Amino acid sequence: MKLTLTPPELAAMVTMAMARLGIARERLFNRMEAANQSRTACETALRALTRRGLVVEEDGYYLLTPRGHAELYKNYDLLQRSQDLSPSSVDMEECPSVPWLTQVQTVWVEALSLNYAVEPDALAQVLPPPLEPEIHRGSAWVQVLMSSLREMRPKGLAGLAGFNFYQVSYRAAVHYRNARGAWRRGGYFVRSETNDALMRRIGNALVEFKFHEFGEADMVMAREGDQLTFAVDPLPAFPGGRLVGVLDTQPLPGPPPGSVWPSLEELHHPLVECYDAFGVADGYMYVLTVDRGPWKARFVRPVELYCEAMQDGVFAGHARLDSVLHLRECPYRWRPLRRERIPAAG
């Protein structure tokens with residue numbers, strides 16, 4: 001849907017809405033001109049709004065009519081939705097399992113993203129329908145994301161009440177077509193591990209996170225100067241996720257040799273600007289959205305790296321390391337869980 005008001009009309013209506021008892025014509029024009037609206041545009045907007053019954057003049061003061069208020073709210077909602085990186089569709093419903101979970105906040109203190117180009121057919125085999133690999137530059141993509149999380153807690157509680165732990169997730173870039181035929185893009189977690197047994201049990205108990213089994217592993221991230229050492233050693237019950245490496249975190253001037261991405265900016269939309277996590281269960285597509293700060297990520301060089309899942313596990317022979325990103329200090333917060341019916345096949 002498009003805005004039903006022009007910029008000058010919207011500016012005039014907002015100015016009137018801020019003046020509860022109405023605003024005189026010259027004062028209205030002065031305020032609009034201060035907002036870089038020409039006087040001609042102001043006069044045209046005022047005539048159009050009056051003609052449409054959205055504004056009325058009483059004793060030299062201009063006011064919004066009830067219809068004008070409704071029109072302003074409608075345009076405000078459209079503006080708000082246009083800025084939403086994950087808007088709800090009419091078919092979506094909220095379904096959080098624990099209300100306070102939607103107010104959980106945390107910070108990625110330090111994180112890395114190992115970006116693997118994967119053969120689309122190999123990724124498709126591990127995705128539940130109707131999810132499909134999203135293809136960028138001829139490949140499907142799986143990011144191995146390892147992060148150190150600080151003070152995860154419900155909003156309003158002091159940081160000392162939060163959890164500090166490590167997490168690693170294998171996020172595939174995917175999309176699906178909803179019941180109305182529109183494509184929605186996001187991520188699907190092929191596997192995940194944490195080093196905190198309590199966080200694993202919580203994650204596996206909640207609808208928000210139970211689309212795959214959270215594993216448990218011994219983990220460490222340690223820094224010495226510019227070198228970041230990391231290791232993931234899964235417990236015997238969760239094999240296949242060993243990860244060991246050393247990064248030189250001095251930013252590279254551009255993509256590493258052999259990367260298909262010509263710049264960090266080109267990579268951002270496909271792999272960084274991903275806010276929805278998808279899960280498929282009980283005939284529904286579940287959408288868990290994160291509101292976060294910007295990823296201030298930079299290309300970095302791996303000094304040593306071994307990723308069992310990509311080199312000897314489920315994607316062995318079908319994956320190639322394209323690039324590595326490193327970032328620090330990024331706040332995260334989750335929205336209420338949403339879901340929509342999966343359209344019937346055929």
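A short reminder: the numbers here are calculations on the coordinates, not readings from a lab. As the structure is a computational prediction, the values presented were derived from the model and not from experiment. Please note: Cβ atoms are built from the backbone with ideal geometry, for glycine as well, and neighbour counts cover all protein chains shown.
Shown here for segment 228-324: trypsin sites (Lys or Arg not before Pro) in loop regions (DSSP other than H, G, I, E, B) with at most 16 other Cβ atoms within 10 Å, namely LYS296.
For the chain, the 222 nm mean residue ellipticity estimated from helices alone, with every DSSP H stretch of n ≥ 4 adding -39500 (n - 2.57) and the total spread over all residues, rounds to -6000 deg cm²/dmol.
Going by a ≥ b ≥ c, the root eigenvalues of the Cα gyration tensor, does segment 167-240 fall in the rounded group (a/c under 1.5), the prolate group (a/b larger than b/c) or the oblate group? Provide the component values of the computation, followed by the final result.
Numbers: a/c = 2.87, a/b = 1.63, b/c = 1.76.
Judged from the Cα gyration tensor, segment 167-240 comes out oblate (a/c at least 1.5, b/c at or above a/b).
Taking the chain as a Gaussian network, where each spring joins two C-alpha atoms under 10 Å apart, which residue of GLU266, GLU213, GLU110 fluctuates the most? The residue that fluctuates most here is GLU266.
Hey, what did segment 94-341 get for relative contact order, percent, Cα under 8 Å, at least 6 apart?
Values: 590 pairs, mean separation 61.2, N = 248.
That works out to 25 percent.
FRET efficiency for the pair ARG27 and HIS69, taken as 1/(1 + (r/R0)^6) with r the Cβ-Cβ distance and R0 = 22 Å, rounds to 0.65. Please label the shape of segment 7-82 as rounded, prolate or oblate, based on the square roots a ≥ b ≥ c of the eigenvalues of the alpha-carbon gyration tensor (a/c under 1.5 means rounded; beyond that, a/b larger than b/c means prolate, else oblate). Oblate is the answer for segment 7-82, as a/c is 1.5 or above yet b/c matches or exceeds a/b.
Taking every alpha-carbon pair under 8 Å whose residues sit at least 6 apart, segment 201-313 reaches a relative contact order of 26 percent.
So for segment 231-346, Kirkwood radius off the Cα pairs, Stokes-Einstein at 4 °C and 1.567 mPa s: how many µm² s⁻¹? This corresponds to a translational diffusion coefficient of 75 µm²/s.
Just report the Cα centroid separation between segment 1-28 and segment 270-287, whole Å. Each part reduced to its Cα centre gives a spacing of 39 Å. If you compute volume of the Cα convex hull per residue in Å³ for the structure shown, which of (1) 129; (2) 147; (3) 194 do you land on? So the structure-derived entry is (3). Full extension of the chain between ALA281 and SER263 yields a length gain of 2.8 nm, computed as 0.36 nm times the residue separation minus the alpha carbon distance.
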